[in-house]
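What follows is calculated from the coordinates using simple rules that are stated; it is not laboratory data. None of the values given here were measured: they were computed from a predicted structure. Every residue, glycine as well, gets a Cβ built from its backbone with ideal geometry; the counts of neighbours run over all protein chains shown.
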Amino acid sequence: MWTWFHRLASPPTFYRFADRLAPWLLIAGTLLLGVGIWQGLFIAPADYLQGDSFRIIYIHVPAAALSLSIYTAMAVAGAIALIWRMKLAEVAVITAAPIGASFTFLALVTGMLWGKPTWGAYWVWDARLTAELVLLFLYLGVLGLNSAYSDPRTAARACAWLALVGVVNVPIVHFSVEWWNSLHQGSSILSVKGIAQPKIAGEMLKPLLMTLSGSYLFFGAVWLRRMQNEVLRRERRANWVRAFAGQAPLAEGSNAQPGMAGPGLVDAATSRQGRQDDAAGRGRGA
Amino acid sequence: MTKRNQRLLGVVALVIGVGVAAALGFTAFRKNMMYFYTPSDLLAGTVPIGASMQLGGLVEKGSLVRAGGLRVEFRVADCAKNIPVRYDGVLPDLFREGQGVVADGHLDADHVFVATRILAKHDENYMPPQVANALKGDPDTGKHSCMPFKAVESAAKS
C-alpha cells in the first residue's frame, strides 16, 4: 500500500495513472450531472412553498458542498506538501484553488438568485453567507499568493500555509447555521437527524444526490487534468517529459535534474537546484 | 527530532492554534454573530428601545391583520414568547402565517416592533404539495419548527 503511494508520488507514474483515470471520471460525472439535472428540472415535483425556484438546489448544493470539500482537500495536500515536501502535493494545492474558487462563486451566485424570490433579498450579512464569501476570498488569496512568487515551489509552499490557516473556516461555514441565528436555513441532508431522515422528499432528493456525486466526479476529472498539465510544465526539463514530447533526452550532466523524474520526495539539495532551474525557465517563458 | 517531524509539529500546532483562537473568538463574540434577536430577547428588556436591529421568529397563526393600505400587523413568536409587529410595505412572496420571518426595524416605546423590511426565512424542508397537504392535518409535523430561532441572550449565558 505505502509503496504504491510512493510510486504514485513520482510525476511520470502519476501522469500515466491520471491519464487512465480522468476520462472515466469525466464520463461518469457528466452522465450523472446530466441525468440529475434533467430529472431535477423536469421530473421532480415543484416545492409546496417555493414552487419551481427550489430547483436551483440541484446546482447550488453541489457547488457549495464542493467549495468546502475542495478547500479541505487543498489543506490536506498542503500539509503533505509542507511536511513531506512532496512535489505532487504542491501541484495538487495550486491546481485545486481555481476550481474551488469557481465552485464557491457559483454557490454564491446561485444562492443570491434563489434568495431574491425566496427571502426577498439577494444578500444579507448573516453568518453562513459571510463565511462563504470569506471562503471565496481565501481561494482568491491562494491564487494571488501563487502568482506573487517567481519560484513555483516557494509559491506552492506559501499557498499551502494559507490553505492550512484558512481551513478553520470550513467548519465555520458548515456549522454556521447551527451555531448562530442566520437567515440561511439549516442543512436538509447533512445534519444529525437529516441523514437518517432527510428533510427533503425522496423524489426531490434522488436527482440532488445524482448532481452531487456527478459534481464530485467531474471535479476529480478536472483536478487530475489540471495536475497533469502543471506536472508537465514543472517537469518540462526532465527526460520523461522530453521523451513524451518526442524530443531527444538531454545529455547527462547538462541541465537534466536527477531528482525530478525520480521519487516525489526530493532532498533539499535537488529541490534548491530545481528551484533555480524553474526560476530560469519561467523567466524565459515570460 | 528529524526535520520532517519538526515540520509535522509546526503544521499540527498551526492548525490547532488557529482552531483554538477561532473557537475562543467566536465564543466571546457569539452575540455579534447572531443575525437576529428573538421575541424572548426583546421581552427580556436587554435590547434598547429605538435601536435598529433584526427580529426573527414565526408569524403566529391567526395573528395577521391587514390594517388598510399596505399596513399589516401580526405577532412574531419563538419557542417561548411572542411580540407584536407593525409593517408598512411590500411583503415577500413566501410570507405566510406559520412561516419564519426576519424583520429589520426597531422596538418602539409601546413594545411594538416597527419593521422597515421583512424577509421570509425558509426552512430546510422540501416537499411536493401533496405531501404538504397531507401533513397539514397533523398539528405537530405540519407546523414549522421554532427551533432555528435561538435566543441571543440565554444562549450566550449557557
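Quick look at the values:
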| read-out | value |
| --- | --- |
| Relative contact order %, the stretch A:120-189, counting alpha carbon pairs below 8 Å whose residues are six or more apart | 43 |
| B:I49/B:I16 FRET efficiency (R0 60 Å; Cβ-Cβ; nearest 0.05) | 0.85 |
| Residue-span extension gain [A:A46 to A:F17] - 0.36 nm each, minus C-alpha spacing | 6.1 nm |
| Under Karplus coefficients 6.51, -1.76 and 1.60, residue-wise ³J(HN,Hα) of the stretch B:81-92 in Hz, glycine/proline x | 10, 9, 9, x, 10, 10, 8, 10, x, 7, 8, x |
| Segments B:97-106, A:160-169, B:81-90 sorted - mean Cβ within 10 Å per residue, highest first | A:160-169, B:97-106, B:81-90 |
| Label-point separation in nm, A:L140 to A:W84, each point 7 Å along Cα→Cβ | 3.4 |
| Amide H contacts under 5 Å for B:Y37, placed H, 5+ residues apart | B:Q54, B:L55, B:G56 |
| 10 Å Cβ neighbours from other chains, averaged over peptide B:85-97 | 2 |
| HN-Hα J in Hz across the stretch A:17-27 - Karplus 6.51, -1.76, 1.60, θ = phi - 60°, x for Gly and Pro | 4, 5, 4, 7, 7, 4, x, 5, 4, 5, 5 |
| Peptide A:120-128 - average C-beta neighbours from other chains (10 Å radius) | 4 |
| Residues whose placed amide H lies under 5 Å from that of B:G98, excluding near-sequence neighbours | B:V59, B:E60, B:K61 |
| Rounded to the nearest 20 debye, dipole of chain B from Cβ charges on Lys, Arg, Asp, Glu | 760 |
| Whole-number percent relative contact order across chain B, with pairs defined as alpha carbons under 8 Å at least 6 apart | 22 |
| Between helix B:3-28 and chain B: long-axis angle, C-alpha atoms, 0 to 90°, nearest 10 | 30 |
| Cysteines not pairable in the protein assembly as shown (beta carbon separation under 4.7 Å absent) | A:C159 |
| Point-to-point label distance, B:T27-A:W38, nm (Cα→Cβ direction, 7 Å offset) | 5.3 |
| Test item: A:44-53 mean partner chain Cβ contacts at 10 Å | 5 |
| The stretch A:114-123 - phi-based ³J(HN,Hα) in whole Hz, Karplus 6.51/-1.76/1.60, Gly and Pro as x | 7, x, 4, x, 8, 7, x, 8, 5, 9 |
